[in-house]
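Okay, so here's the structure we're looking at.
Throughout, read-outs are computed from the coordinates displayed, never taken from laboratory work. Quantities reported herein were computed from a predicted structural model and do not represent experimental measurements. Cβ placement follows ideal geometry from the backbone for every residue including glycine, while neighbour counts extend to all protein chains displayed.
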Amino acid sequence: ALETIVSSGSAASRREVEAIKIAFYKKHKADLEVLKAEFVKNNGEEATFVAPESNEEIRLKELILSYKNAKHLKSKEQEEEKEKNYKEKLQILDELKNLSEGTEAHNHTYQEFRTLQNRWKEIGQVPQAHIKDLWENYHYLVEKFYDYIKINRELRDLDLKKNYEAKTVL
């Protein structure tokens, strides 16, 4: 079973591997007890019994080592992916900051904002140490963007009102 897990590269849990290891050692211990009983039965002293080296046990240890190495490699790849995602999210934060400080047309700005939000959602996990800080910065910049849109809308309405009053006076 362990050979199948290691050779297929399946994502078996640590519990499954431990269960296989425990089952193996229970059977191995029972086999050793039988050998020990035969040794004592053939006029040998129990204290001088030396268990023979088991090829299956050596193979089990090799397989467990292979499993641990594969798990470590996968974990390392996941951490690298998280670090890459973190850098991408930082870039999005910079773009959001520039967007909320710009003086572009509202329709284009809002569409770009939506694109940035979708990119943010599509990016996977980031390292645990950066989650809170990223989330707080993201929400701050989103609020800042909405404030920017609201202020620009109010200024536009004020300009339209002044223009209307000027037309009325004319």
Whole-Å semi-axes of the stretch 68-170's equivalent ellipsoid, largest first, each the root of 5 times a Cα gyration tensor eigenvalue? 44, 11, 8
Running a GNM on the chain with Cα contacts under 10 Å, which residue among A23, A47, A70 ends up with the highest mean-square fluctuation? A47
Counting only GluC sites (Glu not before Pro) that are in a DSSP loop and have at most 16 other C-beta atoms within 10 Å, tell me the longest site-free stretch of the chain. 105-170
Kindly state, to the nearest 0.05, the FRET efficiency for D133 paired with A70, given R0 = 45 Å and r defined as their beta-carbon distance. 0.90
From phi via Karplus (6.51, -1.76, 1.60), per-residue ³J(HN,Hα) for the stretch 68-85 in Hz, x at Gly/Pro: 5, 5, 5, 5, 5, 4, 5, 4, 5, 4, 5, 5, 5, 5, 4, 5, 4, 4
For the cross-link pairs K27/K71; K29/K61; K71/K132, which exceed 18 Å when the distance is taken from alpha carbon to alpha carbon? K27/K71; K71/K132
Taking the alpha-carbon centroid of each part, what is the distance from the stretch 1-70 to the stretch 81-154 in angstrom? 54
Computed about the Cα centre, the charge dipole of the chain from +1 Lys/Arg and -1 Asp/Glu charges at the Cβ has a magnitude in debye, to the nearest 20, of 420
